[in-house]
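First the structure, in the form of structure tokens, and then the observations on it.
The values are calculated or read from the model by the stated rules, or taken from the named source; none is laboratory data. Just so it is clear, the model here is predicted, and its values are computed rather than measured. Cβ atoms come from the backbone with ideal geometry, glycine included; neighbour counts cover every protein chain shown.
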Amino acid sequence: MKTRAGLWLIHPKPQDGELLSSWLIRIAAMTGRSLHGFCDDHWRGLNLWNRDLDHLAPEVVLETLAKRTGTPTNQVQATTLNAFEGTLVPRVVPNGSTAMVRPIGVWHRERKTHGLQYCSHCLTEDQIPYFKTLWRLLPVSTCTRHGVILKSSCPRCDAPVAPHRGDFLICHHCGSDLRGQKHEPANSNVLQFQHHLQGVLAGNPVCWPGFHGTYPIAFFALINRLVLLLSTGARRDRLLKILQARCDIEGITEFTSKTKDTKTLSPRSVHDVMIGITYLLRGWPWIFIATFLDAKVYWSWAMKDLKPQNAPYVFFQPTKAFLQIDPNAKDR
Ligand SMILES: [Zn+2]
Ligand SMILES: [Zn+2]
């Protein structure tokens with residue numbers, strides 16, 4: 001068995017914001033072993049690639065990586081989606097579905113859904129290209145460095161991104177290079193908002209106008225709720241029609257109101273929904289209330305499938321105060 005212990009010591013630490021899977025693939029590539037051979041050498045029987053490794057990383061893998069590469073434990077932990085516990089969500093659900101974490105649709109070693117996003121410009125320009133933890137998150141739909149909307153599939157064949165299957169940046173399905181691809185420019189309000197969100201995820205306080213001091217988890221829960229209301233359900237078309245007239249939303253018809261899981265929306269759809277959200281958040285809660293009243297989306301629709309005790313107060317309070325027009329009235 002080739003442990004290549006000596007080589008590990010010169011192997012790279014994770015880059016800033018790098019995903020565990022990305023880091024591990026890079027390390028294995030430098031040993032000259034195949035990825036699966038390398039993982040089998042060190043963690044035999046664990047089937048690391050038959051799971052969402054970044055979501056459900058065995059402790060022994062993290063420990064080995066920390067020890068063999070001389071990387072501090074907290075830096076190793078930060079390569080997993082656990083990094084967002086306490087800011088994005090209260091708890092990451094390793095075996096299930098974590099709110100606002102895009103699912104990659106694990107099927108053996110295949111990936112069935114477009115859960116891993118990327119910026120082709122970043123992959124092209126970075127001296128050592130890598131995939132970022134942020135690219136797994138629903139509220140992240142743009143690259144704030146390049147001002148573009150992210151992609152979440154191969155530009156040629158639309159296959160989900162699966163760097164562990166191909167040659168890292170080469171599509172395993174059709175052989176296209178993820179580098180050197182064109183992106184759509186992102187809306188400046190969305191870029192500004194996402195820049196702020198990334199700061200909050202990194203530990204800064206929420207200081208978006210009107211939300212100073214809001215607990216990060218509550219702020220993200222509010223955003224998640226608004227994404228849901230603007231992208232699914234029987235009333236979302238009413239809301240979108242009004243928002244289309246008031247802000248610069250395009251391409252909003254890409255997904256249907258029957259979409260069950262907002263976490264599978266394309267980056268382009270999330271980006272367009274975020275344009276609407278940055279508008280609704282202005283002067284909170286008055287523009288939100290006025291828009292929802294205009295669209296006749298009242299309390300029961302705004303709170304649909306959401307128990308009051310689970311609703312973020314910043315959403316619940318104005319919704320209860322101003323959208324509870326007539327709790328006994330039937331659908332209007
Ligand atoms: Zn970029
Ligand atoms: Zn392809």
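Here are the numbers for this structure:
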read-out	value
Residue that is nearest to Gln15 (Cα to Cα) [pool: residues in segment 81-137 that are in contact (Cβ under 8 Å) with a residue 60 or more places away in the chain, charged (D, E, K, R) and more than 15 Å from ligand 1 (Cβ to nearest atom)]	Arg136
Residue in segment 199-217 that is part of a helix (DSSP H, G or I) and more than 19 Å from Thr142 (Cα to Cα) present	yes
Qualifying residue in segment 158-169 (condition: outside any loop (DSSP other than H, G, I, E, B) and more than 16 Å from ligand 2 (Cβ to nearest atom))	no
Residue in segment 165-173 that is of a type in the set (Asp, Glu) and assigned by TED's automatic domain parsing to the domain that holds Phe84 present	no
Test: residue in segment 38-47 that is in the same structural domain as Thr142 (by TED's automatic domain parsing), buried (at least 18 other Cβ atoms within 10 Å of the Cβ) and not in a helix (DSSP H, G or I)	no
Candidate set from segment 141-157 (those that are assigned to a loop (DSSP other than H, G, I, E, B) and more than 23 Å from Trp23 (Cβ to Cβ)); member that is farthest from ligand 1 (Cβ to nearest atom)	Cys157
Test: Lys67 is of a type in the set (Lys, Arg), out of contact with any strand residue (DSSP E or B) (no Cβ under 8 Å at 6 or more places or on another chain), at pLDDT 90 or above and part of a loop (DSSP other than H, G, I, E, B)	no
Of all residues making up segment 174-187, the number that are surrounded by fewer than 16 Cβ atoms within 10 Å (Cβ to Cβ) and free of Cβ contacts under 8 Å to residues at least 12 places away in the same chain	1
Failed criterion for Trp135 (all others in (1) over 20 Å from Ala29 (Cβ atoms); (2) within 13 Å of the chain's Cα centre (by Cα) hold)	(1)
Conditions (1) crowded, with 18+ Cβ neighbours inside 10 Å; (2) free of Cβ contacts under 8 Å to residues at least 24 places away in the same chain; (3) under 19 Å from the mean Cα position of the chain (by Cα): number failed by Cys171	(3)
Members of segment 57-73 found to be farther than 16 Å from Pro12 by Cα and surrounded by fewer than 18 Cβ atoms within 10 Å (Cβ to Cβ), listed by number	Pro58, Glu59, Val60
Matching residues, segment 84-102, being out of contact with any strand residue (DSSP E or B) (no Cβ under 9 Å at 6 or more places or on another chain) and at pLDDT 95 or above	Glu85, Gly86, Thr87, Pro90
